[in-house]
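No value in this document is a laboratory result; all are computed from the given coordinates. Since the model is a prediction, treat every value here as computed from it, not as a measurement. Glycine gets a Cβ as well: all are built from the backbone with ideal geometry, and neighbour counts include every protein chain shown.
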Amino acid sequence: MISSYRLHELTKFFDARRGSYLADPKIIDEVLYTPYAYEPKVNQEANNGKSLLESEDLLGIPELNPRISEAEENGLPAKRKKISKFHTVPTEAEIYIFNYGTVVIWGMTEAQEKRFLSSM
C-alpha cells in the first residue's frame, strides 16, 4: 500500500520530468494522475520537418483543406487517402497510480511500460 506521503514523493519524481516527458502530476483523492510522453509532439514535428498544419487535415472538411480545394479548382481530381478511423498512434500516455499500489497505463507500448515501471 502506498501512503499519501509516497504519492507526494511520486509527484516530485514526475515534476522532475516535466520538461523531458511532459509530465503534469496531479493528486486526485487517493490517485496520482499524469500524462507522460516518451516522444513529445514537438520532437516528432522536428524529425518530420513538417508542422501538423502542413501535413494533416484534422477536421476532414475538404473546403477547408487548401491542397484539395486548389486541385478541385484546377479541374484535377483530388487525391484522398483512405485512413482507418480506428488506427491511431498514441503520442502521449496517461498514468494513474493508486494509493493501494495499482498502476494503470494507457497509450504506451509494452516496451515503454516496462521502461517506465523500471524507472520508478
Of the residues in segment 2-20, those that are of a type in the set (A, V, I, L, M, F, W, C) and closer than 9 Å to Leu32 by Cβ come to Ile2, Leu7, Leu10, Phe14
Within segment 98-120, residues touching a residue at least 40 places away in the same chain (Cβ under 8 Å) and on the phi > 0 side of the Ramachandran plot come out as Gly101
Need pairs with beta-carbon distance below 7 Å; first residue closer than 18 Å to Tyr100 by Cα and within segment 6-17, second part of a loop (DSSP other than H, G, I, E, B); sequence gap 6+ or separate chains.
Leu7/Asn99; Thr11/Pro25
Residue count, segment 17-29 (criterion: more than 17 Å from Gly107 (Cβ to Cβ) and either surrounded by 13 or more Cβ atoms within 10 Å (Cβ to Cβ) or among the aromatic types (Phe, Trp, Tyr) (or both))
1
